[in-house]
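J.: Pasting a structure below so you can have a look.
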Amino acid sequence: MAAVAQALETPSSVTSIKSLAESSALNTVPSAYAFNINPNDEADPKDPEFAIPIIDMSLLTSGTPEQRSQIIHDLVKICQEWGFFIAINHGVPESLMKAMIDACHGFFSLPDEEKKEFKSGNDVLEMFKYGTSYNLALDKVLLWRDFFKVRTHPEFYSLYKPATFSEVSMEFGKRTREVALEITKAISESLGLEPNYIYEKMNMDRGLQLLAGNYYPPCPQPEHAIGIPHHTDHGLVTLLIQNEMNGLQVEHKGKWLTVNGPANGFFVNLADQMQILTNGKYKSVMHRATVNNKATRISIAIPHGPSVDTTIAPAPELCEREGKPPKYLAMNYKEYIQLQQSGKNYMKSTFDHILA
Ligand code: OGA
Ligand code: NI
């Protein structure tokens with residue numbers, strides 16, 4: 001009971017939602033975590049309009065030229081209407097995906113005392129950080145999740161516990177980056193640009209890649225709490241995997257759709273820099289993480305972005321061709337991230353601030 005009272009009165013002293021959720025007294029959501037989900041806003045997953053697009057990556061990498069052009073053609077509509085798809089046959093071994101989830105589980109299972117060593121400031125560009133909620137200094141509602149973030153590119157950093165983490169995350173980071181780069185190539189082509197357009201303009205040889213682990217323990221009243229509220233990601237493209245529990249929802253046609261897909265696929269969402277670069281043609285999809293009352297959910301998001309010193313603006317080639325003026329002001333990626341994390345954008349899209 002002590003832990004619960006503490007969370008209600010002094011949220012900044014919460015060490016982890018994992019410990020709080022494990023305290024036996026917890027059968028309601030403490031008020032500091034109160035967040036209402038409206039079930040009427042949820043999409044019917046059986047409605048064909050809400051059938052999540054699937055991209056077979058093997059057709060991009062080793063299909064016939066016709067198969068590749070078909071996928072690139074499909075991507076136009078998917079990136080415009082959804083900003084989200086599931087990538088299958090991507091070449092990352094299922095055993096590696098599982099090992100990565102297990103390594104994350106191993107980290108979150110360490111005693112709070114040991115995880116504390118990994119706490120740091122709130123800058124996303126730190127080598128690594130660990131915490132609960134989002135930013136305890138800014139959060140108006142506490143989030144039902146613990147997290148860590150590690151920077152894996154352009155320089156590779158790692159958590160040093162558990163012992164397997166470093167080796168697994170190095171290989172996983174390398175392989176997921178290959179998938180993300182293949183996706184950016186196909187997206188460049190889908191825009192009628194050279195395949196390496198995004199890679200080169202966004203300086204992706206030095207591109208930022210993060211490994212972001214989320215731990216969502218069971219919640220006694222899942223409709224009265226939230227794992228991560230609605231947001232868009234700051235980079236170009238984010239890949240995401242999870243353990244056997246669902247929880248990711250994407251916004252589509254004004255409804256929230258729970259993503260359910262092949263266990264060995266990557267959930268792929270376009271992010272803000274892609275929307276800016278394409279002058280709003282492609283969509284940085286709004287998404288959120290819900291919680292459940294059955295079992296712990298672990299997800300790993302792997303955001304891929306430009307190099308942090310890149311200035312991103314709508315591609316002049318696209319603006320010219322479509323005869324549209326740039327909708328967004330040019331901005332440095334690092335400053336964009338700082339703006340997003342400054343708290344001015346709580347539950348909003350950061351690019352609203354840079355409308356031209
Ligand atoms: C994120 C995110 C969703 C999830 O980490 O940015 O959107 O399902 N996560 O955990
Ligand atoms: Ni996200």
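J.: I need the calculated FRET efficiency for the pair Lys119 and Lys174, taking r as the beta carbon distance and R₀ as 35 Å, to the nearest 0.05. Present the calculation step by step, with values, prior to reporting the outcome.
T.: Working: r = 27 Å, r/R0 = 0.77.
Working from the Cβ atoms, E equals 0.80.
J.: Also, I was wondering about something else. Put +1 on the Cβ of each Lys and Arg and -1 on the Cβ of each Asp and Glu in the range 96-201; which of Ser133, Pro111, Ile183 then has its Cα farthest toward the positive end of the dipole?
T.: So the residue we want is Ser133.
J.: Give me the dipole magnitude in Debye, nearest 20, for the range 54-207 about the Cα centre, with unit charges on the beta carbon: positive for Lys and Arg, negative for Asp and Glu.
T.: Rounded to the nearest 20 debye, it is 300 debye.
J.: While we're on this one: How many angstrom separate the Cα center of the range 278-320 from the Cα center of the range 237-253?
T.: If we compute the Cα centre of each part, the gap is 12 Å.
J.: Quickly work out the Glu49-to-Leu110 label distance, labels modelled 7 Å from Cα along the C-beta direction, and quote it in nm with one decimal.
T.: Distance between label points: 4.8 nm.
J.: Towards the positive end of the charge dipole of the chain, with charges on Cβ (+1 Lys, Arg; -1 Asp, Glu), say which of Val76, Pro53, Val291 has the farthest Cα.
T.: Positive-end residue among those listed: Val291.
J.: Read phi for every residue in the range 260-266 and hand back ³J(HN,Hα) as whole Hz from Karplus 6.51 cos²θ - 1.76 cosθ + 1.60, θ = phi - 60°, with x for Gly and Pro.
T.: Values, residue by residue: 9, x, x, 4, 9, x, 9 Hz.
J.: Using only the Cα atoms of the range 37-353, each taken as one equal point scatterer with no solvent, compute I(q) by the Debye sum, divide by I(0), and report log10 of the ratio at q = 0.07, 0.12, 0.15, 0.16 Å⁻¹.
T.: At q = 0.07, 0.12, 0.15, 0.16 Å⁻¹ the computed log10 ratios are -0.25, -0.80, -1.31, -1.52.
J.: Counting DSSP beta bridges in the chain, what percent are antiparallel, to the nearest 5? Walk me through the intermediate numbers first.
T.: Working: 44 of 48 bridges.
Around 90 percent of the beta bridges assigned by DSSP in the chain are antiparallel ones.
J.: OK, next. Round to the nearest 0.05 the FRET efficiency obtained for His230 and Ser342 when R0 = 22 Å and r is the Cβ-Cβ distance.
T.: 0.75
J.: In addition: Only Lys, Arg, Asp and Glu count, each charged at its Cβ (+1, +1, -1, -1), so figure out the dipole size of the range 37-353 about its Cα centre, rounded to 20 debye.
T.: Rounded to the nearest 20 debye, it is 440 debye.
J.: For a 28 Å ceiling on Cα separation, which of these pairs sit above it: Lys116/Lys140; Lys18/Lys98; Lys140/Lys281; Lys129/Lys255; Lys185/Lys324? Don't jump to the answer; show the numbers that get you there.
T.: Numbers: Lys116/Lys140 23 Å; Lys18/Lys98 21 Å; Lys140/Lys281 33 Å; Lys129/Lys255 33 Å; Lys185/Lys324 24 Å.
From Lys116/Lys140; Lys18/Lys98; Lys140/Lys281; Lys129/Lys255; Lys185/Lys324, over 28 Å: Lys140/Lys281; Lys129/Lys255.
J.: Enter the Cα centre distance for the pair the range 38-59 and the range 180-198, rounded to the nearest angstrom.
T.: Here the two parts' Cα centres lie 24 Å apart.
J.: If we count every other residue with Cβ under 15 angstrom of Pro314's Cβ, Lys/Arg +1 and Asp/Glu -1, where does the sum land?
T.: After counting each charged neighbour, the total is +2.
J.: When the Karplus curve 6.51 cos²θ - 1.76 cosθ + 1.60 is applied with θ = phi - 60°, which whole-Hz ³J(HN,Hα) does each residue of the range 331-338 get, with x for Gly and Pro?
T.: Rounded to whole hertz, the list is 8, 6, 4, 4, 5, 4, 4, 5.
Only the coordinates and a few stated rules stand behind these numbers; no lab work does. In this text, all values refer to a predicted model and were calculated from it rather than measured experimentally. Every residue, glycine among them, receives a Cβ derived from its backbone with ideal geometry; neighbour counts consider all protein chains shown.
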